[in-house]
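Contents: one structure, followed by commentary.
Read the figures in this text as sums done on the coordinates, not as results from a lab. All of these numbers come straight from a predicted model, not from anything done at the bench. FYI the Cβ positions are ideal-geometry reconstructions off the backbone, even for glycines, and counts take in every protein chain you see.
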């Protein structure tokens, strides 16, 4: 089993530790985080090492790394640590759930975190440092650029091009053949029917509540 260090000591690192522990060929041996954010010598029963010193303790020739950071700074923080880890010489693993349906023609980059129940159709390309949370549909011949974050139950139809640093909220939908420009935020429940503009935010419509109480509604 290849030995891996996880970057982080928060919820994403905790989640990654669980998935790698029960559904991967990797053995997590340590966590690492920037020295200023260390709040204890251990995390989940494993040692925590300062990122500034990690290569001395766990040489890149012998250990791999995984950087499971969320979408902070529109994926910029994860990208920053991704590049820093590579500069230190680490190979960055990707985790793909055994419960995901990934067609053989799919290309997946490094440091990707692909959860259960994703359906990825033929001829899809997934870049580096991409998160696909659970239950998404990625249509055929779609390309997802580097440093993107796709939450849950998102539908990205066929022949879509997603440029780097994009974020997709829960239950958002993209029609086939579109181009989602760099650094777009597609909000929860949004429906995208035409090409987007770079660095724009597209939000779904909020459902308005009725003016009467739920106590007055008859439920069969």
Nearest 10 degrees, 0 to 90: what angle lies between the long axis of helix 11-22 and the longest principal axis of the chain (Cα atoms)? 70 degrees
For the range 137-205, what size does the Cα cloud have along each of its three principal axes, sorted from largest down, in whole Å? 28, 21, 21
Quick one: among 123, 66, 168, which has the greatest mean-square fluctuation in a GNM of the chain with alpha-carbon springs under 10 angstrom? 123
In whole angstrom, the spacing between the Cα centers of the range 113-137 and the range 144-210 equals 14 Å
Cα gyration tensor shape of the range 91-135, rounded if a/c is under 1.5, else prolate or oblate by comparing a/b with b/c: oblate
Helix 76-87 vs. the chain, principal-axis angle (Cα, 0 to 90°, nearest 10): 30 degrees
Return 106, 196, 32 ranked ascending by Cβ neighbour count within 10 Å, so the fewest neighbours appear first. 106, 196, 32
Please figure out what share of the DSSP beta bridges in the range 94-213 is antiparallel and state it in percent, rounded to the nearest 5. 0 percent
Residues 203, 175 in order from fewest to most other beta-carbon atoms within 10 Å are 203, 175
Where does the Debye-calculated log10 I(q)/I(0) of the range 2-87 sit at q = 0.14, 0.15, 0.17, 0.24 Å⁻¹, using only Cα point scatterers of equal weight, no solvent? -0.43, -0.50, -0.65, -1.33
Can you tell me which of 94, 143, 41 moves the most in a GNM of the chain? Springs connect C-alpha atoms under 10 Å apart. 41
Just the number, please: percent antiparallel of the DSSP beta bridges in the chain, rounded to the nearest 5. 5 percent
Which of 36, 52, 116 moves the most in a Gaussian network model of the chain with Cα springs under 10 Å? 36
When only C-alpha pairs under 8 Å and at least 6 residues apart count, what is the relative contact order of the chain, in percent? 10 percent
Considering just Cα atoms, how many Å³ per residue does the convex hull of the range 87-220 enclose? 154 Å³
